[in-house]
Structures are given as structure tokens and as C-alpha cells.
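K.L.:
Questions regarding the structure given below will be posed in turn.
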Amino acid sequence: MALDGKAARIGILISGRGSNMIALADAAGDGRIPNAEIAAVISDQPNAAGLSKAKERGIETLVIERRGRARAEHDREIVAALKAREVDLVCLAGYMRVLSREFLDGYRGRILNIHPSLLPSFPGLDAQRQALEQGAKETGCTVHFVDKTLDGGPIIAQRVVPVYEGDTVESLSARVLVEEHKLYAEAVSLVLKSLVAR
Ligand code: GAR
């Protein structure tokens, strides 16, 4: 499905702070992600700090909680909300849930995630803590397509970040986050270019 010259509509899923979401919104706003707009920000957490930041920028926000439902049912509601807003590309930005097959089928090859390590190293939770505990001299961040594996889908872009003596989880996370914000915008641009060319 090509985009046929129209602006790409990006849907962003968050669970918390939303700094990567803001980085994408800023990049779409200033043209670093050309011809794209943020169609909606969806959170599974009603108290996600990113929600108010998105609202301040005039972006539509939705809270779609799991509420004890099966993962597939929750995901169907999210996919329906994305489709209703004609979203072309889904970006997970600190969205802390594994997607069901229903979600993957709804947006096959059009779901991206950012992870704070050089995958396949340190998948899952606490990636920066894992890097410190392993004594890694370098870590970084990865943007990848989402598939049914945990942080295991095809890699789109990576950026290396040094680990320094005396680093804490906080200091390392902050250094990685600066690169995440740049890398995510670059990777989204790259993917949208390929969708336009298709
Ligand atoms: C980011 O560091 C992101 O890479 C990470 O959560 C943080 C969310 O921050 N995601 C994962 O660990 C996914 N496995 P943000 O809400 O400020 O973008």
C-alpha cells in the first residue's frame, strides 16, 4: 500500500513519559520526518505523563486500557482506533506491552519499536541495567520492525553509545535517550520513504 503523495499518518503508542513520542512529533513538525503528521497518541495507562505533553501540542490522545481483557481484545480496540484515524505507520514509544497476532496482522510491516540497547543484546526490561551488569563497554539503541518475538524483529537502524566508568542506570539511560530521540526520527523517515516508493 503506497502513500500516493499524501502526508503519512503516524500513530504513536505510549505507556509512560513519552519523550520519544515528543521527539517524533517535533521531527514531523519541523520537516526532519518529511510529509508526515502525528494522527493520534494512544496510551494503555491513564496516568502516562506523555498524554498531557501530546495534548499541549494539539495531538489527539486516547486512553485504551486493558481492563482485564484478553490481549487480543485489547489490541483489536487499539487497531480499530488506529484504522478509524487512517494511521499508516504505528510507532511504539515506551509502550510496555507485547503485541498480539491480531495487532501484527492489522499493521503488518508497519509497526516500529525503539529499544535502549544494541539488539540482539539486552532485550526485554531494564536494558541499560543489563548492559552495566554485563560490563559492556558500549551499548546504544535500536529501531526495529515489530514481529511476534520480544524485541527480535528486523533491525532498521542502530546507534552506539559508550558506557563510562562509574555510569549508573540513570546516567547511562540519559546518554542513550539523547540518541534514541535522533535515531527514531531518522528511522521513521527511512521507512516512510520506502512506503512511498513501493
Ligand atoms: C525508552 O528508553 C525506550 O527505548 C524504552 O522505554 C523508554 C521510554 O521512554 N523502551 C523499551 O525499553 C521497550 N522495550 P519515553 O517514554 O520517554 O519515550
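K.L.:
Hey, can you tell me all the residues within the range 119-133 that are closer than 27 Å to L195 by Cβ and within 12 Å of the ligand (Cβ to nearest atom)?
P.N.:
L119, P123
K.L.:
Being open to solvent by 60 Å² or more (accessible area, probe 1.4 Å) and under 16 Å from the mean Cα position of the chain (by Cα) is the filter; apply it to the range 22-37 and report the residue that is farthest from V178 (Cα to Cα). Give the steps one after another, and end with the answer.
P.N.:
Narrowing the range 22-37 to residues open to solvent by 60 Å² or more (accessible area, probe 1.4 Å): 26, 29-30, 32, 34-35, 37.
Going one step further and asking which of them are under 16 Å from the mean Cα position of the chain (by Cα), we end up with 26, 37.
Numbers: D26: 14, E37: 22 Å.
Per the criteria, the residue is E37.
K.L.:
Determine whether the range 174-192 contains at least one residue that is part of a loop (DSSP other than H, G, I, E, B) and out of contact with any Pro (no Cβ under 8 Å at 6 or more places or on another chain). Write out each step before concluding.
P.N.:
Step one: list which residues in the range 174-192 are part of a loop (DSSP other than H, G, I, E, B), which gives none.
So far as the range 174-192 goes, no, none of its residues is part of a loop (DSSP other than H, G, I, E, B) and out of contact with any Pro (no Cβ under 8 Å at 6 or more places or on another chain).
K.L.:
Taking the range 1-21 only, how many residues are within 16 Å of the ligand (Cβ to nearest atom) and surrounded by fewer than 23 Cβ atoms within 10 Å (Cβ to Cβ)? Lay out the reasoning, then the answer.
P.N.:
Within the range 1-21, the subset within 16 Å of the ligand (Cβ to nearest atom) is 10-21.
Next cut, surrounded by fewer than 23 Cβ atoms within 10 Å (Cβ to Cβ) only: 15-17, 19.
So the answer is 4.
K.L.:
Does the range 81-92 hold any residues that are closer than 19 Å to Q45 by Cβ and away from the ligand (no atom under 16 Å from the Cβ), and which are they?
P.N.:
Pass one, the range 81-92, residues closer than 19 Å to Q45 by Cβ: 81-82, 90-92.
A81, L82, listed by residue number.
One line per residue, one yes/no per condition, for (1) over 17 Å from V191 (Cα atoms); (2) polar (S, T, N, Q); (3) without any contact (Cβ under 8 Å) to a residue 60 or more places away in the chain; (4) within 12 Å of the ligand (Cβ to nearest atom):
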{"site": "G94", "(1), (2), (3), (4)": "yes, no, no, yes"}
{"site": "R101", "(1), (2), (3), (4)": "yes, no, yes, no"}
{"site": "R108", "(1), (2), (3), (4)": "no, no, yes, no"}
{"site": "S117", "(1), (2), (3), (4)": "yes, yes, yes, yes"}
{"site": "G135", "(1), (2), (3), (4)": "yes, no, yes, no"}
{"site": "T139", "(1), (2), (3), (4)": "yes, yes, yes, yes"}
{"site": "V160", "(1), (2), (3), (4)": "yes, no, yes, no"}
{"site": "D167", "(1), (2), (3), (4)": "yes, no, yes, no"}
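K.L.:
Give the range 38-66 a look and list any residue that's open to solvent by less than 60 Å² (accessible area, probe 1.4 Å) and among the small types (G, A, S), or say none.
P.N.:
A39, A40, S43, A48, A49, G50, A54
K.L.:
Give me the pairs: first residue in the range 171-183 and under 11 Å from V160 (Cα atoms) and open to solvent by less than 30 Å² (accessible area, probe 1.4 Å), second residue near the ligand (Cβ under 10 Å from one of its atoms) and assigned to a helix (DSSP H, G or I), beta-carbon distance under 6 Å, and six or more apart or on different chains, which are they?
P.N.:
Between residues of the range 171-183 that are under 11 Å from V160 (Cα atoms) and open to solvent by less than 30 Å² (accessible area, probe 1.4 Å) and residues that are near the ligand (Cβ under 10 Å from one of its atoms) and assigned to a helix (DSSP H, G or I), the close pairs are E180/N20.
K.L.:
Within the range 67-162, which helices (runs of 4 or more DSSP H) (wholly inside it) include 1 or more residues that are under 29 Å from R9 (Cβ atoms) and open to solvent by 20 Å² or more (accessible area, probe 1.4 Å)? Give the steps one after another, and end with the answer.
P.N.:
Numbers: elements: 71-84, 101-106, 127-133.
Result: 71-84, 101-106.
The values are calculated or read from the model by the stated rules, or taken from the named source; none is laboratory data. Given the structure is predicted, the values throughout are model-derived calculations rather than measurements. Every residue, glycine as well, gets a Cβ built from its backbone with ideal geometry; the counts of neighbours run over all protein chains shown. Keep in mind that these areas ignore ligands, DNA and RNA; they rest on the heavy atoms of the full protein, side chains included. Shrake-Rupley method; radii C 1.70, N 1.55, O 1.52, S 1.80 Å.
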